[in-house]
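**Q** Just passing along the structure, written as structure tokens.
The values are calculated or read from the model by the stated rules, or taken from the named source; none is laboratory data. Just so it is clear, the model here is predicted, and its values are computed rather than measured. Neighbour counts run over all protein chains shown; Cβ positions are idealised from the backbone, glycine included.
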Amino acid sequence: MRGQKLGAGLIAQSQSALPPFTLHRPTSLGEAVALSRQHPKAVIAAGCSDLVAQFREGLEPEVLISVQRIKELRAIKNDAGVLRIGSMVSHAEASRSHEVLSSVPALAAAWGSIATVRIRYRGTLGGNLLSRRYRYEMPVILSALGGQMLFQGGDVEALPISSLWDRDSLWDRNLGNVGILTAVTVDTASLLWFGYERSMRPVSTVSLAVRKDPVAGLTVSAVCGSEYRQPFLLSHTAEATDITELDPVSVGGVLAVQLPDEAGDYAGSIDYRRHLVGVLCRRLLAEATGNKGKEG
Amino acid sequence: MSLESPESSEERFAHKVEFELNGSPERHCVPTSATVLDLLRNSCGKQGVRASCERSVCGACTVLVDDLPVAACSTFAFDVDGTRVETVEGLAAQDGTLSAQQQAFRECGGFQCGFCTSGMLMLTTALLRQNPQPERDQIREWISSNTCRCTGYEMILESVERAAELASAKQQDQVSE
């Protein structure tokens, strides 16, 4: 059925060349989990915006399980300091959700700024994360917030979003089957501040969260994203009791210097990228601390 | 001995899709991997749905599914089962009278080669349904979903503003009648 030999090029000759598959369209999570156990190599399909592109890049699954009709994957809840967002929630739904707006308003704003209007209506949280494209923004945004992915029917129950880029993880080495991504959770109880800077996209984006550390002080987590390299997690624990005690210049510098050499690419050397990430972190921290004069 | 399973590969890789297209019921049996673009152009004869980037980037294939803009090139046909689909062919009235959007694009020169125009018109339709009086910033945000390689966008922005005026005037006329 394929009009072009696999590996002959990135782009199929036409839309007619997509290889067919056996389709399953479960209407409940239980049914989807059973299907994924029955077909461990099946592709799980949500909004399909990215998946169709993957087909055009050579993906040829024998079985596809579409989770579009599973209503329970579209729920958003905010209970006891934990925001839980279903994997089938679209970007547009999340950015307008009362639960997201009331618990982490900057997350709603960041979510509503990614991609385009058309993609925001169709693209889903689950698809954005599990397509594992460097340039997609939700892994960057949600990693800084310490987001956890919850699964059913596979070999794992939960994984941090930051694990999407772990070396030697199950993602790259086929160490197991993750099953169905059901939701993402974000701890909002200890969260003091969150912000996202995408004004320098695609060269660099930065999401930054400040939390109360469980032991003492404050933890600043920043994630640096770009078009061409995986997101990198940067972190600093400060001996502060209040967010206004953080110094944007020094904390920004401490975070930026953690960026590994491999973050440099053809769009910017590592020196330039560290400088840029430092500026973006300072900008966010100045906003977090309410001290615009300390952007540096 | 046959190696064929009781279910032929044609049956295994086919899916029935029922939906409403520009107000009329449609029922088709398509390959599981068929996109909405395949379905609309090849099975329904709606050639106004353009194929271009096939990556959900350029928006030339934009159609409305349950009032929301969707890239037909990057949506599987099985996902429009049970939905209401609208293409550019459904905009004009039965007697050929142009819709407010079409009239505005013609008045303001919102197209040159015309390849992107059907997608732009559908995007405009979706925007005006959500907000009949959009500000220019919002129009810019929506229109930036689609690519035009001829006009430089200024005339498209003017066309959408004009479409909002024409649609509003048309609605007031209907109320006064």
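**Q** Restricting to segment B:25-56, name every residue that is at the interface with another protein chain (Cβ under 9 Å from one of its Cβ atoms), among the aliphatic types (A, V, I, L, M) and buried (at least 20 other Cβ atoms within 10 Å of the Cβ).
**A** Once the filter is applied, which keeps residues that are at the interface with another protein chain (Cβ under 9 Å from one of its Cβ atoms), among the aliphatic types (A, V, I, L, M) and buried (at least 20 other Cβ atoms within 10 Å of the Cβ), segment B:25-56 yields B:A34, B:L37.
**Q** All but one of (1) free of Cβ contacts under 8 Å to residues at least 40 places away in the same chain; (2) touching a helix residue (DSSP H, G or I) at 6+ places or on another chain (Cβ under 9 Å); (3) of a type outside the set (A, V, I, L, M, F, W, C) hold for B:G109; state the number of the condition that does not hold.
**A** Exception for B:G109: condition (1).
**Q** Would you call A:T237 assigned to a loop (DSSP other than H, G, I, E, B) and either surrounded by fewer than 18 Cβ atoms within 10 Å (Cβ to Cβ) or at negative phi (or both)? Talk me through it step by step, then tell me what you get.
**A** Numbers: assigned to a loop (DSSP other than H, G, I, E, B): no; either surrounded by fewer than 18 Cβ atoms within 10 Å (Cβ to Cβ) or at negative phi (or both): yes.
Taking the combined requirement at face value, the residue does not satisfy it.
**Q** Identify the single condition in (1) out of contact with any helix residue (DSSP H, G or I) (no Cβ under 7 Å at 6 or more places or on another chain); (2) not in a helix (DSSP H, G or I) that A:L259 does not satisfy, given that it satisfies every other one.
**A** That leaves (1) as the condition not met.
**Q** Here's a follow-up. Can you give me the ranges of the strands (runs of 3 or more DSSP E) entirely in segment B:40-114 with at least 1 residues that are more than 20 Å from A:T116 (Cβ to Cβ)? Steps first, please.
**A** Working: elements: B:62-65, B:68-71, B:84-86.
The strands (runs of 3 or more DSSP E) meeting that bar are B:84-86.
**Q** Being among the aliphatic types (A, V, I, L, M) and under 16 Å from the mean Cα position of the chain (by Cα) narrows it down to one residue among A:V117, A:V100, A:V63, A:V52; which is it?
**A** A:V100
**Q** So which helices (runs of 4 or more DSSP H) are wholly in segment A:109-195 and hold at least 1 residues that are modelled with pLDDT of 95 or more and not acidic (D, E)?
**A** Filter on segment A:109-195 gives A:117-122, A:125-130, A:138-144.
**Q** Got at least one residue in segment B:123-135 being in contact with a Ser or Thr (Cβ under 7 Å, 6 or more places away or on another chain), away from chain A (no Cβ under 11 Å), surrounded by 14 or more Cβ atoms within 10 Å (Cβ to Cβ) and in contact (Cβ under 8 Å) with a residue 12 or more places away in the chain?
**A** Within segment B:123-135, not a single residue is in contact with a Ser or Thr (Cβ under 7 Å, 6 or more places away or on another chain), away from chain A (no Cβ under 11 Å), surrounded by 14 or more Cβ atoms within 10 Å (Cβ to Cβ) and in contact (Cβ under 8 Å) with a residue 12 or more places away in the chain.
**Q** So A:Y121 ticks every box in (1) among the aromatic types (F, W, Y); (2) away from every other protein chain (no Cβ under 14 Å); (3) over 22 Å from A:P231 (Cα atoms) but one. Which box is left unticked?
**A** Failing condition for A:Y121: (2).
**Q** From the list A:R69, A:R84, pick out the single residue that is within 14 Å of chain B (Cβ to nearest Cβ), surrounded by fewer than 19 Cβ atoms within 10 Å (Cβ to Cβ), on the phi < 0 side of the Ramachandran plot and not in a helix (DSSP H, G or I).
**A** The conditions single out A:R69.
**Q** Could you check, for segment A:267-283, whether at least one of its residues is surrounded by 20 or more Cβ atoms within 10 Å (Cβ to Cβ), basic (K, R), without any contact (Cβ under 8 Å) to a residue 40 or more places away in the chain and assigned to a helix (DSSP H, G or I)?
**A** yes
**Q** So if I check each of A:V249, A:V223, which one is touching a residue at least 40 places away in the same chain (Cβ under 8 Å) and under 21 Å from A:G127 (Cα atoms)?
**A** Values: A:V249 fails: under 21 Å from A:G127 (Cα atoms).
The match here is A:V223.
**Q** So how many residues does segment A:239-269 have that are at pLDDT 95 or above and touching a Leu at 6+ places or on another chain (Cβ under 7 Å)?
**A** 8
**Q** Considering segment A:91-105 alone, what residues qualify as being surrounded by 21 or more Cβ atoms within 10 Å (Cβ to Cβ) and among the aliphatic types (A, V, I, L, M)?
**A** Selection gives A:A94, A:V100, A:V104.
**Q** Something else: Checking the conditions here, which among A:R2, A:R56 is modelled with pLDDT under 90 and within 29 Å of A:A115 (Cα to Cα)? Break it down into steps so the answer makes sense when it comes.
**A** Details: A:R2 fails: within 29 Å of A:A115 (Cα to Cα).
Going through A:R2, A:R56 in turn, just one is modelled with pLDDT under 90 and within 29 Å of A:A115 (Cα to Cα): A:R56.
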